[in-house]
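The structure under discussion appears below in the form of structure tokens.
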Amino acid sequence: MFFSDGSGNPATPEAANIYNPDPQAGTLNLYTRQAQFFNCSDTTQPGIAAITNYLNALPYFVETKCGLGQYWLAVNVNPAFTPKGLLQSGLVVPQTTQQSIGDVLNAHNIPWKYYGGGFNAARTDSPFAGTYCNICNPFEYQSDYPSLVGDHMRDVTDLFTDLANGTLPAVSYVKPDGTMDGHPASSKWTLFEAFAKNIIELAQSNREQWAQTAIFVTVDEGGGYYDSGFIQPVDFFGTGPRIPMIAVSPFSTGGHISHVYSEHSSFVKFIERNWKLGTALSFRSRDNLPNPIQHGEHSYVPRNMPAIGDLFDLFDFDRHGKDHSRRRD
């Protein structure tokens, strides 16, 4: 998301909120200004030319996806709206008019929900409101978020009810609260594992529901830690080091480790293909990229870079002989 005037037009943040990643004099790892936004379309800005020059030197063409005059997020910043749907003040990302996967699903009359742990507490100003992750809910950044709350925003406790009753929507996004999400600052990995296990077992407890279900279990980005594996340049922002992702489903191939290059936008590509939506979110979004073409010993490195997978290689739908377009995700 880029900094805007709230009506979809690029705007310039205050100078104090513009990133300067150049090192402070006499240091190697202290930024001149660690802030929130950067303009990657301007190579005269600090730190921008080095990345742009690297992309231009690649043996294949990569669009930076840096719109003219657009200042993009460098770190987490609070969304425009509160969980209740009220505009927030202070340092926030102005409401965005960019199309989301929720908008596309609504346009095709496909039911969906975002289940956020602690959402009910956050809406009622409960003492436990701090466990809810507002920056994790991408829909709170949208200009139409207030209209989405009633039909699409729910607590994880509502997910458990929908699982038990077999009333899941076609598409579900699930984010545990801060005590269960496995982040080392507030949780433990074993708690996240137990959270995921509970969801899977609840889904499997309803045979009719489970017969149409695919669950993807993944985690937050890995940050800037070293990764010995290949990292594909796809735009200025990159894909980053690898993170684990597990697909659990009666359609799953089972015991299969995928070497198809995928990342978080792959979930959007999966939804678009599975429900035959026939459109990408925008002209610049990564769901426009083709599926990787693999070959030989270097199967993890796409021959047609830049390319991002749609996760269909994790499933064997033909074996089941069913209309998987009805499947719940």
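Quick note: the coordinates plus some simple rules give every number you see, no bench work behind them. Since the structure is predicted, the reported quantities are computational estimates derived from the model, not experimental observations. Don't worry about glycine lacking a Cβ; one is built from the backbone with ideal geometry, like all the others, and counts go over all protein chains shown.
What to note about this one:
- Selected residue [in a loop (DSSP other than H, G, I, E, B) and among the polar types (S, T, N, Q)] from Ser186, Ser147, Ser172: Ser186
- Selection within the range 195-218: residues that are within 24 Å of the chain's Cα centre (by Cα) and farther than 15 Å from Asp162 by Cα. The member of this set that is surrounded by the fewest Cβ atoms within 10 Å (Cβ to Cβ) is Lys197.
- Filter result (touching a Pro at 6+ places or on another chain (Cβ under 9 Å), over 22 Å from Met180 (Cα atoms) and of a type in the set (A, V, I, L, M, F, W, C)) within the range 117-157: Val149
- Answer residue from the range 286-302, given it is part of a loop (DSSP other than H, G, I, E, B) and more than 23 Å from the chain's Cα centre (by Cα) and is surrounded by the fewest Cβ atoms within 10 Å (Cβ to Cβ) among those: His295
- Applying the set (1) of a type in the set (S, T, N, Q); (2) under 30 Å from Ala74 (Cβ atoms); (3) more than 19 Å from the chain's Cα centre (by Cα) to Gln142 leaves exactly one unmet item: (3).
- Residues of the range 181-218 that turn out to be under 23 Å from Thr131 (Cα atoms) and in contact with a Gly (Cβ under 6 Å, 6 or more places away or on another chain), as a count: 3
- Residue ID - surrounded by the fewest Cβ atoms within 10 Å (Cβ to Cβ), chosen from residues in the range 95-132 that are charged (D, E, K, R) and closer than 30 Å to Gly8 by Cα: Asp103
- Counting only helices (runs of 4 or more DSSP H) that sit wholly inside the range 43-128, those with at least 3 residues that are of a type outside the set (S, T, N, Q) and without any contact (Cβ under 8 Å) to a residue 24 or more places away in the chain are 48-56.
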